[in-house]
Amino acid sequence: MRIMKILFIATISILIGFAAYYIGYTCGDSNGYDAGYNNGVIAGIGTGYDLRDPTYSEMNEFLKEDATDKNAYIEGSYTCTDYAADLNNNAAQAGYNAAYAYIEYPDGTGHAIAAFQTVDKGLLFIEPQYDEEVQVVIGSSYSEQNGYQVSDHDDTVVRYLLIW
């Protein structure tokens, strides 16, 4: 009799487990994964320097919300360096890892932009004055490569430096 009781309890347990699995698998909300992922990411960010690389979509959403590109360029006061620094700091506030990217030209001058190491599309450079993806190709003109007005000096990219 005792064996029958154990077998009965075991059978009922297996049936309940299978039913719960089947109902959850077939009737579950397909948005549950996305919602759970987003909640987990937010909960996992924490405080301080807990930054993460964004997805391409998250980077674009951040750029849409960020107002750095709305700032006025003021020669000698608010320039490319300030745009890049502000975008970088705002990304950190949002929990994203972004790089301050410095591009060096042959005459020793340069230009500052930002970069994101997206988890799904790799390293992307962003012109923070316009929130545009740009190409940084060593040996090529930065302005010509990106369709900007041709510079009055040689803006051939000699090298670039990323500061994370």
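No lab work stands behind these numbers, since they all come straight from the coordinates. Here the structure is a predicted model, which is why all the values come from computation and not from measurement. Quick reminder, even Gly has a Cβ in these numbers, built from the backbone with ideal geometry, and neighbours come from all protein chains shown.
Determine the dipole magnitude for segment 87-164: charges of +1 sit on the beta-carbon of Lys and Arg, -1 on that of Asp and Glu, nothing else is charged, the reference point is the Cα centre, and the result goes in debye to the nearest 20.
Rounded to the nearest 20 debye, it is 340 debye.
For residue 140, list long-range residues whose amide hydrogen, built 1.01 Å from N in the peptide plane, is under 5 Å from its own amide hydrogen.
Distant-sequence amide H within range of residue 140: 157.
Most exposed first by the Cβ proxy, i.e. fewest other Cβ within 10 Å, how do 62, 116 rank?
By the 10 Å Cβ count, ascending, the order reads 62, 116.
Which one of 140, 161, 128 is farthest out on the positive end of the charge dipole of segment 124-163, using unit charges on Cβ (Lys, Arg +1; Asp, Glu -1) and the Cα centre as origin?
It is 161, whose Cα lies furthest towards the positive end.
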